[in-house]
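*Asks:* Okay, handing you the structure first.
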Amino acid sequence: MSIEIVLRPVEPSDLPIFFLHQCDPDAVTMAAFTAKEPSNRAAFDAFWARIMADESIVIQTILHQGQVAGSVLKYDDDGKPEVSYWLGKEFWGKGIATQALAAFLQIQTLRPIYARAAKDNLASLRVLQKCGFKITGEDRGFANARGQEVAEYTLRLEPAGQG
């Protein structure tokens, strides 16, 4: 079943919606690796100004039935391309994240490309695996949202025909 999603460049009017998504306590806990103070609007605005000005970051707004559902992006982490996404809680469980990431990976064709997810974030792991990512290792990092170190999986998407 195909979900109707559209990816487009981020517009300033998307940011208040992204901020509301980021303030949801359930979403923050699930994501684990979040801003130190997700409800700090000034920090949010500074972060988005920085990433939108960085030409090495590819970022798109996810629209579902015309509504801003979230964002998906590629950034470099220690010289390795990595994907990340965030979906508003009201859009969870509908296949939107999987469709959006799959569409984004058609735009962002650099391979290999990497991702990370908290080990207990089963929904995000399913999204990544449905899009072809394979678990390649484990790591631990401090999760601001949980106030403690959290185990995470590292994942990798190989070029077509490899892996």
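*Asks:* Using only the Cα atoms of the chain, what do you get for the radius of gyration and for Dmax, in Å?
*Replies:* 15.0, 45
*Asks:* Of all DSSP beta bridges in the chain, what percent run antiparallel (nearest 5)?
*Replies:* If I count the DSSP bridges inside the chain, around 95 percent turn out antiparallel.
*Asks:* How do Phe19, Phe44, Phe142 stack up against each other in accessible area, from largest to smallest, with a 1.4 angstrom probe?
*Replies:* Most to least solvent-accessible, the answer reads Phe142, Phe19, Phe44.
*Asks:* In square angstrom, what is the accessible area per residue of the chain with a 1.4 angstrom probe?
*Replies:* 54 Å²
*Asks:* Still on this structure: Give the accessible area for Tyr114 in Å² (nearest 10); use a 1.4 Å probe, count only protein heavy atoms, and leave out ligands, DNA and RNA.
*Replies:* Surface open to solvent at Tyr114 totals about 40 Å².
*Asks:* If I ignore ligands, DNA and RNA and count only protein heavy atoms, how much of Arg116 is accessible to a 1.4 Å probe, in Å² to the nearest 10?
*Replies:* 90 Å²
*Asks:* How big is the accessible area of Glu149 in square angstrom, nearest 10, if you roll a 1.4 angstrom probe over the protein chains?
*Replies:* Rounded to the nearest 10, that gives 100 Å².
*Asks:* Okay, helix-only estimate at 222 nm for the chain: each DSSP H run of n ≥ 4 adds -39500 (n - 2.57), divide by all residues, round to 500 deg cm²/dmol; what do you get?
*Replies:* Theoretical 222 nm ellipticity from helices: -9000 deg cm²/dmol.
*Asks:* If Cys131, Cys23 are ordered by their accessible area, calculated over protein heavy atoms with a 1.4 Å probe, which sequence runs from highest to lowest? Mind showing how you got there, number by number?
*Replies:* Working: Cys131 25, Cys23 45 Å².
If we order Cys131, Cys23 from most to least accessible, we get Cys23, Cys131.
*Asks:* Now, a different point. Give me the one-decimal nm value for the distance between modelled label points at Gln129 and Glu90, 7 Å along each residue's Cα-to-Cβ direction.
*Replies:* Result: 3.1 nm between the two label points.
*Asks:* Something else: Which value results for Rg/Rh of the range 96-146 when Rg is the Cα radius of gyration and Rh the Kirkwood radius based on the inverse mean 1/r? Kindly include the intermediate steps, with their values, before the conclusion.
*Replies:* On the way: Rg = 12.0 Å, Rh = 12.2 Å.
Here Rg/Rh amounts to 0.99.
*Asks:* Taking only complete DSSP H runs, can you tell me which helices of the chain stretch 15 Å or more along their own long axis by Cα positions and average at least 1.0 on the Kyte-Doolittle scale?
*Replies:* Qualifying helices: 96-107.
*Asks:* While we're here: Using a 1.4 Å probe on the protein chains only, how many percent of the accessible area of the chain belongs to carbon and sulfur?
*Replies:* Numbers: 4580 of 8850 Å².
Carbon plus sulfur share of accessible area: 52 percent.
The values are calculated or read from the model by the stated rules, or taken from the named source; none is laboratory data. Here the structure is a predicted model, which is why all the values come from computation and not from measurement. Counting neighbours? That spans all protein chains shown, and the Cβs are built from the backbone with ideal geometry, glycine included. Calculation scope for accessible area: heavy atoms of the full protein, side chains included, ligands and nucleic acids excluded. Shrake-Rupley method; radii C 1.70, N 1.55, O 1.52, S 1.80 Å.
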